[in-house]
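The values are calculated or read from the model by the stated rules, or taken from the named source; none is laboratory data. All figures in this text were calculated on a predicted structure; none of them were measured in a lab. Quick reminder, even Gly has a Cβ in these numbers, built from the backbone with ideal geometry, and neighbours come from all protein chains shown. The area values use the complete protein model at the heavy-atom level, side chains included, leaving out ligands, DNA and RNA. Shrake-Rupley method; radii C 1.70, N 1.55, O 1.52, S 1.80 Å.
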Amino acid sequence: VQLQASGGGLVQPGGSLRLSCVATESIFSMGWYRQAPGKQRELVATITKTGDINYGDPVKGRFTISRDNVKNTVYLQMNSLKPEDTAVYYCSARVLFSTRVSFWGQGTLVTVSS
């Protein structure tokens, strides 16, 4: 499975941005992780084909993940962005019955700055 992410960029604090990630085939769970400079990669959000969603604590209430199973695409709507959201965001995918990420996409940089 290959994952193609898009949508990163520069946005001012309080602004919004939407990320997209397309998979080359259907897969059980898709989502996003992020890694800021000098920090470990952390969970942003994941969503399964059946709609089960998991958010990382720092983004709860501000980010919304959604998925189009027909298009094998996952979206991340990011609102009320903060400078601490600045990171490289990685699309991820996980096969059924696996507890680890199975596939990673290339990162897309999100910079929140005035």
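What the table shows:
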{"read-out": "Those residues of the stretch 13-22 which are of a type in the set (A, V, I, L, M) and open to solvent by less than 60 Å² (accessible area, probe 1.4 Å), in sequence order", "value": "Leu17, Leu19"}
{"read-out": "Residue within the stretch 104-114 that is more than 18 Å from Leu17 (Cβ to Cβ) and touching a residue at least 60 places away in the same chain (Cβ under 8 Å) present", "value": "yes"}
{"read-out": "Test result for Leu10, in contact (Cβ under 8 Å) with a residue 60 or more places away in the chain and either open to solvent by less than 60 Å² (accessible area, probe 1.4 Å) or among the polar types (S, T, N, Q) (or both)", "value": "no"}
{"read-out": "Matching option when the condition is open to solvent by less than 50 Å² (accessible area, probe 1.4 Å) and either at pLDDT 95 or above or of a type in the set (Val, Ile, Thr) (or both), among Thr99, Thr108", "value": "Thr108"}
{"read-out": "Those residues of the stretch 86-96 which are closer than 14 Å to Thr46 by Cα and either buried (at least 18 other Cβ atoms within 10 Å of the Cβ) or among the hydroxyl-bearing types (Ser, Thr, Tyr) (or both), in sequence order", "value": "Tyr89, Tyr90, Cys91, Ser92, Ala93, Arg94"}
